[in-house]
Amino acid sequence: MEARPSKKPARAAEPKPSAGEPVQDALPVDEPLTADDSVDDKVRSENADGASDPVDESTSPADWDVLMLLQMGPGANSSLMRPVVQDIIQRLGGLDAPREPGSRIDVWLDSPGGDAHAAYKLGLYLRSRFEVVNFVIVDYAKSAATLLALAGDEIFMGPAAELGPLDTQESREGEVRMRSNLDTANTIDNVYFQVVSNAIAAGSEILRSTALTREQTIQHVLDFSAQFARPLLEQIDLVAVNAASTSLDVAIEYGARLLSYRHNRTGFASAKARMSQLVRGYPTHGYVIDRDEARDGLGLPVKNLEDYGLLSQLDAVYAGAQSQQMNIIEITKEEEEHVEPEAGTEPGAA
């Protein structure tokens, strides 16, 4: 899970919800978005002005769900963990809820990440529950939140929005800082390449500066390399290395499956290659993957946030959550009204 830099002094920790209590934080917006709010007016105004709706009308229903999953504060709901996912699933009708023809959900996502297994489960559920799944990211969807976003048919990203690598993290007893499983899995390889590089450099120098034969030089270099590597290798926990490698493989599998599910489970090999890049191809867990890299480098279905049809409503909710460092987990249904163009005007004309 990616740690978010604090923009203001941290608020007191929220009490954990009791058993059976919905996982939900107070909505920190003066005028929260509801099903009766101004979304219809927004769509009506855009259509009346002649601007084309960025949503494909051939697949867009008359109404759709919006899941606000904005995790910006402290407390039990501040990351993508199993209780949060279970609560969302129950609010959307439970595991046995049928998929409605033409159904759609937009997920307004801002999260530091969390449990990859929980994120994958939510992604699977959304894909089984809705025909169209979109993700909308103003700023920040890292780690497990990036994994979740891979379930989207479209991912709307702001100009400074960021996804993150899927190199899973682990915590160890007595340590505060999370460790990257990619670093752990690469430990033996890193030692190997360091030893080989030193051996090659030392061998060349010995041949140039001494009268030793090539065979003598090789023997000296091998002895030195063994002495150099032994204390390093003795400190490596092979069980931890194997566990880290397995965790990375799980992230690749989860990501590839979510990507391929968008295409009726086809193209899995291609998706797996892209997920390998997303897991192993970036130098740090906090690396910023902007929308250009996500679209052009990883081939994700990214669109510009500026083209999202409910941008003003999203901005209002997001600003309230950000200013108060609160968590919002809400579901609302939005209705779209199709307005006929005025007589004498062409559809889409300004």
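All of (1) at pLDDT 85 or above; (2) in a helix (DSSP H, G or I); (3) under 27 Å from LYS121 (Cβ atoms) hold for SER245 with one exception: (1). Restricting attention to region 270-302, the residues that are of a type in the set (D, E, K, R) and free of Cβ contacts under 8 Å to residues at least 24 places away in the same chain total 5.
Residue under question is ILE206, and the condition is that it be more than 22 Å from LYS272 (Cβ to Cβ), in contact with a His (Cβ under 7 Å, 6 or more places away or on another chain), hydrophobic (A, V, I, L, M, F, W, C) and modelled with pLDDT of 75 or more; does it hold? Considered against the rule, which asks whether it is more than 22 Å from LYS272 (Cβ to Cβ), in contact with a His (Cβ under 7 Å, 6 or more places away or on another chain), hydrophobic (A, V, I, L, M, F, W, C) and modelled with pLDDT of 75 or more, ILE206 comes out as yes. Is there a residue being modelled with pLDDT of 90 or more, within 17 Å of LEU150 (Cα to Cα) and part of a helix (DSSP H, G or I) anywhere in region 315-332? Looking through region 315-332, none of the residues is modelled with pLDDT of 90 or more, within 17 Å of LEU150 (Cα to Cα) and part of a helix (DSSP H, G or I).
In the set LEU150, LEU166, only one residue is under 17 Å from GLN277 (Cα atoms) and modelled with pLDDT of 95 or more; that residue is LEU150. If you filter region 244-256 down to residues that are more than 16 Å from ASP115 (Cβ to Cβ) and touching a residue at least 60 places away in the same chain (Cβ under 8 Å), you find that the one that is surrounded by the fewest Cβ atoms within 10 Å (Cβ to Cβ) is SER245. Give me the residue from region 271-297 that is among the small types (Gly, Ala, Ser), assigned to a helix (DSSP H, G or I) and outside the structural domain of LEU122 (by TED's automatic domain parsing) and, out of that set, surrounded by the most Cβ atoms within 10 Å (Cβ to Cβ). Per the stated criteria, the residue is ALA271. Looking across region 79-96, the residues that are surrounded by fewer than 18 Cβ atoms within 10 Å (Cβ to Cβ) and farther than 17 Å from THR332 by Cα come down to ARG82, PRO83, GLN86, LEU95, ASP96.
The values are calculated or read from the model by the stated rules, or taken from the named source; none is laboratory data. Since the model is a prediction, treat every value here as computed from it, not as a measurement. With ideal geometry, Cβ positions are generated from the backbone for all residues, glycine too; neighbour counts draw on all protein chains shown.
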